[in-house]
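> Structure below; questions to follow.
The values are calculated or read from the model by the stated rules, or taken from the named source; none is laboratory data. Here the structure is a predicted model, which is why all the values come from computation and not from measurement. Positions of Cβ are backbone-derived with ideal geometry, glycine not excepted, and every protein chain shown enters the neighbour counts. For the accessible areas, the whole protein counts, side chains as well, though only heavy atoms, and no ligand, DNA or RNA atoms are used. Shrake-Rupley method; radii C 1.70, N 1.55, O 1.52, S 1.80 Å.
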Amino acid sequence: MQIIDESTDIRREHRTAVLASVDVVNTVKHADLALQTPCAGWDLARLLTHMTAQHRGFAAAARGNGADPTIWEEAMWADAVATDPAGAYAAAAADVLDAFAAENMLEAMFTLPDFGPDAKIPGAQAIGFHFVDYVVHGWDVARALGVPFTLPDDVIATALPMVLAIPDGDIRTSEKSPFGLAVAVPEGADDLDRIVAHLGRTPGWSGGRPLQ
């Protein structure tokens with residue numbers, strides 16, 4: 001699956017999206033970890049652990065160490081998230097941003113076990129996958145907390161065509177699919193709503209804190 005041209009550098013937009021997610025997670029308190037999220041069956045603790053592990057895994061992949069399965073194991077990061085959710089997440093985000101900022105990242109080959117035991121993905125594509133994840137996961141966290149999640153227009157404009165290029169249908173029903181089936185976009189939806197709806201979220205979801 002190709003969601004971005006391999007010569008396209010979206011690291012500026014990617015950095016903005018990741019830092020926006022850090023801003024939201026910085027407001028998380030221990031009592032919030034039990035809140036439900038738009039990710040079916042996941043509370044906020046599970047979601048933040050997943051997000052932290054993915055940051056660490058992609059950072060390792062950018063440095064040539066993505067084949068190490070322990071880096072990607074969520075259990076490895078669960079205690080750190082439970083102890084200091086904001087701090088553990090911010091450190092992981094800083095790690096991946098530092099790794100992606102290195103020279104030649106667009107051409108580097110990332111080993112990403114989620115795509116298969118020996119899967120290697122060009123850097124530009126790998127960064128694109130990570131970017132899409134953190135646009136939507138930032139929204140997931142904000143929605144669980146009942147707070148707004150705002151991204152600049154250029155970040156949304158970059159993300160939207162990439163998201164819409166992700167196939168829908170039976171492939172989304174696999175246990176290994178990172179996204180659920182696309183849902184209908186409500187009347188009057190904005191482009192962030194279109195993004196989260198295509199990735200299986202209901203734009204008006206509420207199940208955590210009431211929207212503030």
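> Residues that are of a type in the set (A, V, I, L, M): find the helices (runs of 4 or more DSSP H) completely inside the range 9-112 holding 3 or more of those. Reasoning before the result, please.
Values: elements: 11-25, 44-62, 69-72, 75-83, 85-100.
Once the helices (runs of 4 or more DSSP H) in the range 9-112 are filtered for at least 3 residues that are of a type in the set (A, V, I, L, M), what remains is 11-25, 44-62, 75-83, 85-100.
> Touching a residue at least 12 places away in the same chain (Cβ under 8 Å), surrounded by fewer than 16 Cβ atoms within 10 Å (Cβ to Cβ), aliphatic (A, V, I, L, M) and at negative phi: which single residue out of M109, M51 fits that description?
Values: M51 fails: surrounded by fewer than 16 Cβ atoms within 10 Å (Cβ to Cβ).
From the options M109, M51, the qualifying one is M109.
> Then there's this: Residues of the range 113-158 being of a type in the set (G, A, S), part of a helix (DSSP H, G or I) and open to solvent by 10 Å² or more (accessible area, probe 1.4 Å), which ones? Walk me through it before giving the result.
Our first condition is that a residue be of a type in the set (G, A, S); within the range 113-158, this holds for 116, 119, 123-124, 126, 128, 138, 142, 144, 146, 157.
So of that shortlist, the ones also part of a helix (DSSP H, G or I) come out as 123-124, 126, 128, 138, 142, 144, 157.
Answer for the range 113-158, where residues must be of a type in the set (G, A, S), part of a helix (DSSP H, G or I) and open to solvent by 10 Å² or more (accessible area, probe 1.4 Å): just A157.
> May I pose another question? List the number of the failed condition for D9; all other conditions in (1) under 22 Å from E103 (Cβ atoms); (2) under 17 Å from the mean Cα position of the chain (by Cα); (3) surrounded by fewer than 19 Cβ atoms within 10 Å (Cβ to Cβ); (4) not hydrophobic (A, V, I, L, M, F, W, C) hold.
That leaves (2) as the condition not met.
> Sticking with this one: Taking the range 66-86 on its own, how many of its residues are in contact with a Leu (Cβ under 8 Å, 6 or more places away or on another chain), within 12 Å of L33 (Cβ to Cβ) and open to solvent by less than 40 Å² (accessible area, probe 1.4 Å)? Steps first, answer last, please.
Residues of the range 66-86 in contact with a Leu (Cβ under 8 Å, 6 or more places away or on another chain): 66, 81-82, 85.
Filter once more, keeping what is within 12 Å of L33 (Cβ to Cβ): 81-82, 85.
Keeping just the survivors that are open to solvent by less than 40 Å² (accessible area, probe 1.4 Å) gives 81, 85.
The qualifying residues number 2.
> Any residue in the range 71-99 that's under 26 Å from F110 (Cα atoms): show its pairings with residues that are part of a helix (DSSP H, G or I) and open to solvent by 50 Å² or more (accessible area, probe 1.4 Å) at Cβ separation under 7 Å, as long as the two are six or more apart or on different chains.
I71/R56; M76/T70; W77/R56; A92/R56; D95/R56; L97/R15
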